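Encoded as structure tokens, the structure appears first; notes follow it.
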Amino acid sequence: METTNILLAGVGGQGVLLASQIFTSVAIEADLDVKQSEVHGMSQRGGSVTSHVRFGQKVYSPTIDPGEADFLIGFERLETLRNLHCLKKGGIVIYNKMRINPSTVASGVAEYPDDVETRIAACGEKVYAIDGLGLAVKAGNARSANVVMVGAVSSFLPLPESLWETKIREVLPAKLVDLNLKAFHLGREAVKK
Amino acid sequence: MSEQKAILSGNEAIARGAWEAGVKLASAYPGTPSTEILENVKNYTDIYSEWAPNEKVALEVGVGSAIAGARTLVTMKHVGVNVAADPLFTLSYTGVKGGLVLVSADDPAMHSSQNEQDNRNYGRSAKIPVIEPSDSQECKDFVAIALDLSEKFDTPVFFRTTTRTSHSKSIVALGGRTEQQGDIELEKNMPKYTMLPSSARLRHPLVEERLLKLKEYAETSPLNRVEYNDTSMGFICNGISYQYVKEALPEVSVLKLGLSYPLPEKKIREFAARVDKLYIVEEGDPFFEDQIRALGIKVDHGKDMFPLTGEFSAAFVKKQVTGQGPDLRAVAEGLPGRPPAFCPGCSHRGIFTILKKLKVFVSGDIGCYTLGALPPISALHSCVCMGASISMGHGIDKVVAKSDDYSQKVVSVIGDSTFFHSGMTSLLNSIYNKSASVAMILDNRTTGMTGGQENPGSGRTLSGEEAIAADIPALVKAMGVKNVVKINPYDLNDIEEKLKAALENEEMTVVVVEAPCVLRYRISKPPLKVDAEKCTGCKRCLSVSCNALSLEVKDDKKFVVIDPNMCAGCGVCAQVCKFDAIGE
Ligand SMILES: Cc1ncc(C[n+]2csc(CCOP(=O)(O)OP(=O)(O)O)c2C)c(N)n1
């Protein structure tokens, strides 16, 4: 298997790291080499967060360079646009349409652009815009939007559905498993239409 | 049973490696990207582990443990080694009994640091070996090798990671724990461990001999590895740069230096002779390059191609060497940044709102409160290193012409963890030397910026046990400060009044702010609401920089809304509102 590069981009507190963990554990189970990288520290206090997940036969670098992501998974629309240059030609964008104001917007220093979605759509690649928040609420908890996104990406990867389900059961706390499995399937369906 | 494997970050792997190699004691002061090492070590109950108030103390605790005979791990971020440098350089003379590994987590590109110093230089200056892992498996395995080397050569071992090795996850094959043989029994060995000039003079030649032996060892060490391939290009690299080279140029020959000091001279000569063109790819300083050039070896490309600043990547290496790269899309322009900010409910917000209003010079320190420098607050005017706020404020106070103008007055701001780290001696100096400055100690009962670790004032240890909490006002008084004032950081009038009084005072005032971190202690009050009728959309409340607030426009009317899921009900925004539009 060629190396698959998944770039996850969002805001601190959105569960980007948990989503990464599901990807890495699925990849290990599929007997692939895998690396994941993120920078934490200052990213906590409401800052931008990106996580790089790479898996394949043999993976050296833990990071994805601009122009090399097979998938850009945006957890928020502005963060999706901010990382769009990382997408490879022929890559796929799947993003949650939700908006989270950066501190610069909240404090009136900057404005949240109103053309974010049109700019993403104009990238010329396959773009799936998902109501991640709505689907998460439907699954039973707004916080499961990250797993909705995992579900959406999963439908593009040649790995069996049952493997994803097993790993979601392992990675999430027992009482949250059912609603997250629901979130996973809602995400998986959302990109099939 | 198949070999057990796990996906671990470099930091988790170092903790695992310490446990497997029989480490008995681990000490550290938190600092990104090193913090998670001890946070993971604490889960291995075979290891006694603790947070020290600063890196010097952490290393000294480690020295005690190592000279008593126990295997020891000490960890810190790169700038922490500056603080611990004093014991480190003399520890090089005394050597150890139980192995001692000092992890220095460097931060090229300064993801969360104030500088990007290359700490391999410490190994060379202190004349001790430097080991650099390139992935999590090596992070784990090299800890055991480092401890063996430490004991075999009677030296501390410097273990350098970078953000990308510390924070990247990769697959690691796990092993069991090997305990050290026998009990730890204290023995006296005065000439080895008491560094008087007379004994140190006897130790220094041993350090030089040790270095020669380490050089010899470097030639055959499993830490250094040659991978011959196409020999038209040969790359010497270390740590994460090895991964970038392998990814970018799988066909080239590589000399990977896992022991980056002292260098294996013969091995390097041999490699250089076998390849047509020699490249050196190392982030940071030309540490290898200078030494290799000094050996008279021709280096075709080093720092001319791979800069001194920032971090590299696979695509960057490829681009520099071959000129090739993927088709790049334009980076989206004109997007608002998303910098970190004070959390909703943070006790630092009200303080900085008033400091800004008073227009004083704020001598800052390192912690969450450093975010007070960012717009729209923009009210922190200097920050150099941990503990410097009060001492710099004192220096400023001594030379600036006396004036009633607040812009000519200085207020130093420091957090609890930073005060314990190195602010106490600064305050002692200020009071001893009759400073007239004002110092604010923002005691949020945690080491916030690095993720909320315990500290000597938080009442708990690393392992979560209850501990004595240092009493900051009592400490300050004991140093001789007469004016110790407490304020409520959620009452803007209280802050303003007391700060003004302190600024008028000709003697030093220390303001202590006791308010636990809302993030660490999950503190929240019912969210506030904006009365859209009263709100004029003046944006005054937005100036307190809270992510829970935002401006909305409906039917041409502007008004602020508060996100009830984010608001912690602290009331700072309500107090700056001139129209009484914010309430419960
Ligand atoms: C010498 C050194 N060690 C560690 C760090 C990492 N570091 C940055 S801020 C900080 C602690 C801040 O805690 P505190 O002063 O209590 O302020 P808070 O973030 O809680 O507001 C640490 C440990 C550093 N920058 N320099």
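Could you look at region B:224-328 and say what percent of its accessible area is carbon and sulfur, using a 1.4 Å probe and all protein chains? The value for region B:224-328 is 47 percent carbon and sulfur by accessible area. Computed from label points 7 Å out along Cα-Cβ, the spacing between residue B:189 and residue A:85 is 5.7 nm. The A and B chains share an interface that buries close to 4700 Å² of accessible area, total over both sides, probe 1.4 Å. Considering Cα pairs under 8 angstrom that are at least six residues apart, work out the relative contact order of chain A and quote it in whole percent. Relative contact order here is 20 percent.
Of all lysines in the structure, those lying under 24 Å Cα to Cα from residue B:152, and not within fewer than 8 positions of it along the same chain, are B:24, B:97, B:127, B:140, B:188, B:192, B:213, B:215, B:256, B:266, B:267. Within region A:61-87, which residues have the backbone N less than 19 Å from the label spot 7 Å out from residue A:122 along Cα→beta-carbon, could you tell me? The answer is A:77-87.
Accessible area of residue B:370 (1.4 Å probe, protein heavy atoms only, ligands and nucleic acids ignored): about 40 Å². Computed from the C-beta positions of residue B:553 and residue A:178, the FRET efficiency with R₀ = 41 Å rounds to 0.50. In region B:281-316, what residues drop by 10 Å² or more of accessible area when the other protein chains are put back, versus the chain on its own? Use 1.4 Å, and skip ligands and nucleic acids. Residues losing area: B:313, B:314, B:315. Summary value for chain B: 11 percent relative contact order, contacts being C-alpha pairs under 8 angstrom separated by 6+ residues. Applying a DSSP loop filter and a limit of 16 other Cβ atoms within 10 Å to the trypsin sites (Lys or Arg not before Pro) in region A:104-192 leaves A:192.
Counting only helical runs of four or more DSSP H residues, what would the 222 nm mean residue ellipticity of chain B come to if each run contributes -39,500 (n - 2.57) and the total is spread over all its residues?
On the way: 19 runs with 200 residues, N = 584.
Only helices count here, giving -10000 deg cm²/dmol.
The label point for residue B:309 and the one for residue B:500, both projected 7 Å from the Cα toward the Cβ, are 4.4 nm apart.
What number comes out for accessible area per residue over chain B if the probe is 1.4 Å? Units Å², please.
Details: 23970 Å² over 584 residues.
Solvent-accessible surface per residue comes out at 41 Å².
Rolling a 1.4 angstrom probe over region B:529-583 with all protein chains present gives an accessible area of which 48% lies on carbon and sulfur atoms.
Give the calculated FRET efficiency between residue A:115 and residue B:276 to the nearest 0.05, with a Förster radius of 45 Å applied to their Cβ-Cβ distance. List each step's numbers first, then the result.
Numbers: r = 52 Å, r/R0 = 1.16.
The formula returns an efficiency of 0.30 here.
On the principal axes of its alpha-carbon atoms, region B:14-137 has extents of 36, 32, 29 Å, going from largest to smallest. The accessible area of residue B:148, taken with all protein chains in place and a 1.4 Å probe, comes to roughly 80 Å². On the principal axes of its alpha-carbon atoms, chain B has extents of 78, 65, 58 Å, going from largest to smallest.
Round to a whole number: what % of the accessible area of region B:1-144 belongs to carbon and sulfur, probe 1.4 Å?
On the way: 2040 of 4070 Å².
So the carbon and sulfur contribution to the accessible surface is 50 percent.
How are the alpha carbon pair distances in region B:529-583 distributed across 5 Å bins from zero to the largest one, expressed in percent? Distribution as computed: 4, 21, 37, 25, 10, 2, 0 percent. Residue by residue along B:319-329, Cβ atoms of other protein chains within 10 Å of the local Cβ number 3 on average. Note on residue B:483 and residue B:4: the model spin-label points, each 7 Å out from Cα along the C-beta direction, lie 6.0 nm apart. Do any trypsin sites (Lys or Arg not before Pro) in region B:384-448 lie in a DSSP loop with no more than 10 other beta carbon atoms within 10 Å, and if so, which? Within region B:384-448, the qualifying trypsin sites (Lys or Arg not before Pro) (loop, at most 10 other Cβ atoms within 10 Å) are B:402. Cβ-Cβ distance of residue A:162 and residue B:206, R₀ of 60 Å, FRET efficiency by 1/(1 + (r/R0)^6): the value works out to about 0.45.
Peptides B:182-191, A:47-56 ranked from most to least packed give A:47-56, B:182-191, packing being the mean of other C-beta atoms within 10 angstrom over each peptide's residues. Counting only the backbone N, which residues of region B:96-125 are under 18 Å from the spot 7 Å out from the Cα of residue B:384 toward its beta-carbon? In region B:96-125, the label zone of residue B:384 (backbone N under 18 Å from the point 7 Å along Cα→Cβ) covers B:114-117. Please report how far the C-alpha centroid of region B:413-458 lies from that of region B:1-57, rounded to the nearest whole angstrom. After rounding, the separation between the Cα centres reads 27 Å.
The values are calculated or read from the model by the stated rules, or taken from the named source; none is laboratory data. Values in this document were obtained by computation on a predicted structure and should not be read as measured data. Positions of Cβ are backbone-derived with ideal geometry, glycine not excepted, and every protein chain shown enters the neighbour counts. What goes into the accessible areas is simple: the full protein's heavy atoms, side chains included, and nothing from ligands, DNA or RNA. Shrake-Rupley method; radii C 1.70, N 1.55, O 1.52, S 1.80 Å.
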